[in-house]
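Structure, as structure tokens:
The values are calculated or read from the model by the stated rules, or taken from the named source; none is laboratory data. Here the structure is a predicted model, which is why all the values come from computation and not from measurement. When we count neighbours, we look across all protein chains shown, and the Cβ atoms used for this are built from the backbone with ideal geometry, even at glycine. Calculation scope for accessible area: heavy atoms of the full protein, side chains included, ligands and nucleic acids excluded. Shrake-Rupley method; radii C 1.70, N 1.55, O 1.52, S 1.80 Å.
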Amino acid sequence: MDFEAICKKVAGLDSKIRFVGMVNNQGRLIAGGMKEGKKPLEDTKDDEMLFMELVLRTKMRKEFDKQLGAVKFAMSYREKAVVMSFPVDEHVMLVSAEREIDFAKIPFKILKILEN
């Protein structure tokens, strides 16, 4: 998979998307990043903690795959942003967006990109 191309395609879905990144199973950003012209909401040092916590949460969700089926995406509606995560093989795509994004449609558009 060309993770960089996928991140760019997802970032282009909506102007309210702020960040698209692919994180490996050690919590390291391996592709993508903050959209040009957008200012990060957190410090760079906090990114590492966020990425590691994201990978841990994704691994923990697999505990219920047998009973509930695999997780396709998870979403948090926070005070300053909407944060979505998408398991991609052994990696996780992290997407953050402004709260006004159409979060009923965007995750499914992202899933279509990831399925191709």
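General remarks:
- Length gained when the stretch Glu90-Ala70 is fully extended (0.36 nm per residue, less Cα-Cα span): 5.9 nm
- Counting only Cβ charges, +1 for Lys and Arg and -1 for Asp and Glu, the dipole size of the chain around its Cα centre is about 300 debye.
- Mean-position separation - Cα centroids, region 52-97 and region 14-34, in angstrom: 13 Å
- Where Rh is the Kirkwood radius over Cα pairs, Rg/Rh for the chain: 0.93
- Normalised by the number of residues in the chain, the mean separation of alpha-carbon contacts (under 8 Å, six or more apart) gives a relative contact order of 28 percent.
- Once the 1.4 Å probe is applied to the protein heavy atoms, the chain comes out at 65 Å² accessible per residue.
- Of the solvent-accessible surface of the chain, computed with a 1.4 Å probe over protein heavy atoms with every protein chain present, carbon and sulfur atoms account for 52 percent.
- The chain: DSSP helices with Cα axial extent of at least 24 Å and average Kyte-Doolittle hydropathy no lower than -0.5: 44-61
- For region 87-116, applying the loop criterion from DSSP together with a ceiling of 16 other beta carbons within 10 Å to the GluC sites (Glu not before Pro) yields Glu90, Glu98, Glu100.
- Between the amide H of Lys35 and those of Phe19, Val20, distances stay under 5 Å, these residues lying 5 or more places away or on another chain, with hydrogens modeled in the peptide plane.
- Too-long pairs where the Cα-Cα distance tops 24 Å, listed order kept, from Lys16/Lys72; Lys8/Lys105; Lys38/Lys59; Lys9/Lys66; Lys39/Lys59: Lys38/Lys59; Lys9/Lys66; Lys39/Lys59
- In this simple spin-label approximation, Arg99 and Met34 carry label points 7 Å from Cα along the Cα→Cβ vector, and these lie 2.1 nm apart.
- Extension reserve of the Lys109-Lys59 stretch, reckoned as 0.36 nm per residue once the Cα distance is removed: 15.7 nm
- Per-residue ellipticity at 222 nm, computed for the chain from helices alone with -39500 (n - 2.57) per DSSP H run of at least four residues, works out to -10500 deg cm²/dmol.
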